[in-house]
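The values are calculated or read from the model by the stated rules, or taken from the named source; none is laboratory data. Predicted model, so just to flag it, every value in this text is computed and none were measured. Cβ atoms come from the backbone with ideal geometry, glycine included; neighbour counts cover every protein chain shown. All accessible areas refer to the heavy atoms of the entire protein, side chains included, with ligands and DNA or RNA removed. Shrake-Rupley method; radii C 1.70, N 1.55, O 1.52, S 1.80 Å.
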Amino acid sequence: MFRRALIDALASWAKKTNRKPLIIRGARQVGKTTLVKQFSVNFKQYIYLNLENATDRQLFQDFEETSQLIEAIFFQKNQLLEFKHQTLLFIDEIQALPKAVKMLRYFFENEPGIAVIAAGSMLETLFDKEQSFPVGRVEYMVLRPVSFAEFLEAMGEHKALAQLQKIPIAPFANKKLFQLFHIYATIGGMPEVVAHYAKHKDITALSSIYDALITAYLDDVEKYASGTTQVMHIRHAIKSCFLEAGKRIKFQGFGNSLYKSREMGESLRILEKAMLIYLIYPNTVALLPLLPDVKKSPRLQVLDTGMLNHFCGIQKEILGKQDLNEAYQGIVIEHLVGQELLTLKYSMLSSLQYWVREKNTSSAEVDFIYLFDGKLIPVEVKSGATGKMKSLQLYMDMTPHDIAIRFYAGEINLTHATTPEGKHYKLLSLPYYLVSQIEHYIQWIS
């Protein structure tokens, strides 16, 4: 096991005076159960319930009163009721019993002293319209794949991690951090993959883990689908989404199929609820509020770049490139930057944003828009001369601030640039591996 950054957020949650039960969301196999087990060392007692287990599930089916349920849980798990306010209760796979989700509100109302965490996937899809979440009685956090900083922790590269978090980074650390990031870009951030590589340092031995992960998602389809026909649609969507990742897509005929827009749209949205993919719709303005245009084609982001690389068979291509922007038409590194930006946020409402301008005569696109301190910061993932960034310059002419970020295969560089329209702005070019530090560097140049 290696430390996940979300533990710090869990510690803050546990200290709240008005603490509510916490639901941790995230795709299967991103490490939710392991995370809570690690966090449990902060408590005198730890009770683990898995509602896919019939015995644990029966506890919630047998008791309606919170006090009786708690007594039964502590008795069943051989824990002392006198220490209940020093106990962490973890209800795993809570989606297996919708009634248990509804009962979380009674933990908050009747036993707020017990720290309660629940985890599950596909909660929305598994409930029918008559079911409801305990609105206002629970909190949510999201766990995503391992970030580059967590990867360094797993690898035992503690000095490299310390340098990563130093603002600005020391120039002597640049080469080694690029080398480590290249490995991370190749294998991705699924915890089992990272843990296996950290122990064995063998990329070729990871294939069976990737295959097992994808097979598990395919086997899960029956839990998501409403019928045998939709099972077929969703399985096609899972297999195709890795090949289409990083691109703007159309639902009609998705993945070179004959399926209609409605069929693929429903399937992809189910996968989005399962947090296996993200459908990122473009923004067309450079001012708040952000309002993605859902009439336009979305860009597809999948759960993990390493799974993308494995499924597309491009790991050797990535290892053979000095500049990651040259691998797979630049899709891999752009996708990974998006993945890293997502890991910075633990809210269910967090999402990736990007900007487009589409006209009959010309089009423009900025890879990402990052909201920070009331500013919509444009983020490009590109190599080459700054003067070639026409889309970025168009965006800077539209926005009221003067900061732009580029991630590339080079060292930290601050350029004072001017758009063709005459606006002066600051372009901060950062090495790819510094995505997780973007907010610190925005403050640094501000």
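Condition check for Arg299 on (1) within 22 Å of the chain's Cα centre (by Cα); (2) basic (Lys, Arg); (3) surrounded by fewer than 18 Cβ atoms within 10 Å (Cβ to Cβ): one failure, at (3). Of the residues contained in region 337-354, none is found to be more than 30 Å from Leu22 (Cα to Cα) and at pLDDT below 95. Of note, Ser297 satisfies the criterion of being farther than 21 Å from Tyr441 by Cβ and either modelled with pLDDT under 90 or in contact with a Lys or Arg (Cβ under 7 Å, 6 or more places away or on another chain) (or both). Taken over region 311-336, the residue count meeting the criterion of being part of a helix (DSSP H, G or I), modelled with pLDDT under 90 and polar (S, T, N, Q) is 0. Residue pairs whose Cβ atoms lie under 6 Å apart, separated by 6 or more positions or on different chains, with the first residue in region 152-165 and closer than 10 Å to Ala198 by Cβ and part of a helix (DSSP H, G or I) and the second acidic (Asp, Glu) and open to solvent by 20 Å² or more (accessible area, probe 1.4 Å), do not occur.
Taking the listed residues Leu22, Leu81, Leu88, Leu97, the one that is of a type outside the set (Ser, Thr, Tyr), farther than 29 Å from Met348 by Cα and touching a Phe, Trp or Tyr at 6+ places or on another chain (Cβ under 7 Å) is Leu81, with no other qualifying.
Considering region 361-422, the qualifying strands (runs of 3 or more DSSP E), each wholly inside and each with 3 or more residues that are surrounded by fewer than 14 Cβ atoms within 10 Å (Cβ to Cβ), run over 413-418.
Residues in region 1-32 that are buried (at least 21 other Cβ atoms within 10 Å of the Cβ), among the charged types (D, E, K, R) and over 14 Å from Met275 (Cα atoms): Arg4 alone.
Restricting attention to region 54-95, and to residues there that are surrounded by fewer than 20 Cβ atoms within 10 Å (Cβ to Cβ) and touching a residue at least 40 places away in the same chain (Cβ under 8 Å), which single residue is farthest from Lys32 (Cα to Cα)? Top of the filtered list is Ser67.
Just one residue in the set Gly306, Gly265 is touching a residue at least 60 places away in the same chain (Cβ under 8 Å) and part of a helix (DSSP H, G or I); that residue is Gly306.
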